[in-house]
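J.: Dropping a structure here in structure tokens format, bear with me for questions.
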Amino acid sequence: MRFFPWGFWLLCVASAPARGDSGSKARSCAEVRQLYGAKGFSLSGVPQAEISGEHLRICPQGYTCCTSEMEENFANKSRSEFEAMMKEAGRSVQTTLTAQHRSFDSYFQDLLNKSEKALYDAFPSMYGELYTQNMKVFKDLYSELRRYYRGSNINLEEALNEFWTRLLERLFKLMNPQYHITDEYLDCMVKHAEQHKPFGEVPRDLKVKATRAFIAARSYAQGFLVGSDVVKKVSQVSLSHECTRAIMKLMYCPHCRGMSSVKPCNNYCLNVVKGCLANQADLNTEWKYLMDSLVVVADRIDGPYNVDTVIGTIHMRIAEAISNLQENKDSITAKVFQGCGNPKISTKGSSSDDKKRRGKVALEAKSSAQALEMLVLDAKGNLTALKTYWITLPSSLCSKKVMASSAADDKCWNGMTKGSYLPEVMGDGLANQINNPEVEVDITKPDMTIRQQIMQLKIMTNRLGNANIGNDVDFQDASDDMSGSGSGDSCPDDVCGKRLSKSPSTRQPETHAIPKQSGHGINGASSRSLPSAFLLLLSVAFIATQHLWR
């Protein structure tokens, strides 16, 4: 029977497992040993040369340089490294946003400080005791303005109304020291103040302009902090079990296969990362709205609600109001007496403070309009650049961190071997991952932490929209619905970490090259191709024997 040697030889040759680019001789594992040691693992038990890979559960099961323990260690390492990549990318965005906040905050606070200092420097010589005896009224005003800007639950219009009321009461008494003016009399006077306009049009004009400027300023500053806080929280979201396996296969399986110098295919990397960051990509729409809203409010701040003009001249408007009162003192007093009656003459005597008034001092407001313009231009440039952050993150990670090959490379790691990658690249977001060939994603279970951050973006965008049209926004619950006013301090890392962890799915990930194996996770190509190859070889052997028998 001459057919036996032929058939046996064909079976042996055809069924020999592929060894990548090498021949039948087992390849050295020197490269993977060096990498494994560099990652901090012991080289004890690491093969010197390739071994059979039936034990592998993530990487293809052909000949390999990795043991089960090495595969597990590489999987854990790939998870921590990828999560570190995410945090590093997030920190870059956080740095940009917090730097913009710091620049504007410093500029705005400086405007307010200079206005207050100019008032303290000039008013004593301008108004004498009219100022010195009422210094607290002015200090309280600037204190309230700062508290409002920082997010306290203050009604700014009421705060300004209260300032003018207190100032009018104090000044009216000082300008009429010969009368005994009771609190009840002052209440009556205040009721008629709107009608008499003792300070002229300044209070109304300043209220309109200052409230718009402050609303825009604090919403603008808050927007940067909220954006930074969202990035921080989202960057802490842990990888799922399926993503850990997919990232391991992408980053370390080529080393196990003896292909350390082969880069992952770009489209293969994109599918893995898009699958793993599907929930993050769903931030895109609201994130863009936030960036656009900040740009719009920035234009308001440097335009109709110009903070340089309004905030930097508060002291000048107050001086103008006091001058209006002094110039019209007699007519205003007469109107008050007419409406509220004549107060009793004071028994303490009289001394007119108005006579002690010094000469007027010219007040100046040093414009910083150019600095504001530069701040806004810089912010708008950064905000525009960050608009597509969440949907460009996968390509950024693949090109800069994973070091994937070029898109045209047909000799890259495709998850199985060195070659081209054929599956199409998935779209962005959770809904587009239903057929992702590299990562099994349950599109019916969105990540709740990320959904919460999407809501924070919506809330902040709504506030900016209100600020854009001059409507006040309530920051009373800022610590609740904006995570500590965007500071990120309300959720410690250890708490957030627990909250952000996702329960691993019980299903194993499907890939384009390796189907799931019951009870064993993902198995390699050799085990998958064995039955069909064996039948093919039997057929070849049968044909050969038929030919020989003839």
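The values are calculated or read from the model by the stated rules, or taken from the named source; none is laboratory data. Computed from a predicted model, the values in this text were never measured in an experiment. Positions of Cβ are generated from backbone atoms using ideal geometry, with glycine treated the same way; all protein chains shown enter the neighbour counts. Calculation scope for accessible area: heavy atoms of the full protein, side chains included, ligands and nucleic acids excluded. Shrake-Rupley method; radii C 1.70, N 1.55, O 1.52, S 1.80 Å.
J.: In terms of the Cα gyration tensor, with a ≥ b ≥ c the square roots of its eigenvalues, is the stretch 76-231 rounded because a/c is under 1.5, prolate because a/b exceeds b/c, or oblate?
T.: Prolate is the answer for the stretch 76-231, as a/c is 1.5 or above and a/b outweighs b/c.
J.: Oh, and also: Return the loop-located chymotrypsin sites (Phe, Trp or Tyr not before Pro) in the stretch 144-188 (DSSP other than H, G, I, E, B) with at most 14 other Cβ atoms within 10 Å of their own Cβ; answer none if there are none.
T.: Numbers: sites: TYR148, TYR149, PHE163, TRP164, PHE172, TYR179, TYR185; in loops: none.
Those that pass, being in a loop and sparsely packed, number zero.
J.: Report ³J(HN,Hα) in whole Hz for each residue of the stretch 305-315, in order, from the Karplus equation J = 6.51 cos²θ - 1.76 cosθ + 1.60 where θ = phi - 60°; Gly and Pro get x.
T.: So the Karplus estimates, Gly and Pro as x, are 9, 3, 6, 5, 6, 7, 5, x, 10, 4, 4 Hz.
J.: Putting +1 on Lys and Arg Cβ atoms and -1 on Asp and Glu Cβ atoms, find which of ASN267, ALA281, ASN306 reaches farthest to the positive end of the dipole of the stretch 264-316.
T.: ASN267
J.: If one computes the Cα centroid of the stretch 31-55 and of the stretch 133-206, what distance in Å separates the two points?
T.: Cα centres, the stretch 31-55 to the stretch 133-206: 79 Å.
J.: Please give the FRET efficiency for SER346 paired with GLN109, using the beta carbon to beta carbon distance and R0 = 30 Å, rounded to the nearest 0.05.
T.: Using R0 = 30 Å, I get an efficiency of 0.10.
J.: OK, next. Ignoring ligands, DNA and RNA, what percent of the 1.4 Å accessible area of the stretch 29-77 is carbon and sulfur?
T.: Carbon and sulfur: 47 percent of the exposed surface of the stretch 29-77.
J.: Is the shape of the stretch 29-77 best called rounded, prolate or oblate, per the rule: a/c under 1.5 gives rounded, else a/b larger than b/c gives prolate, else oblate, with a ≥ b ≥ c the square roots of the Cα gyration tensor eigenvalues?
T.: Because a/c hits 1.5 or more and a/b fails to exceed b/c, the stretch 29-77 counts as oblate.
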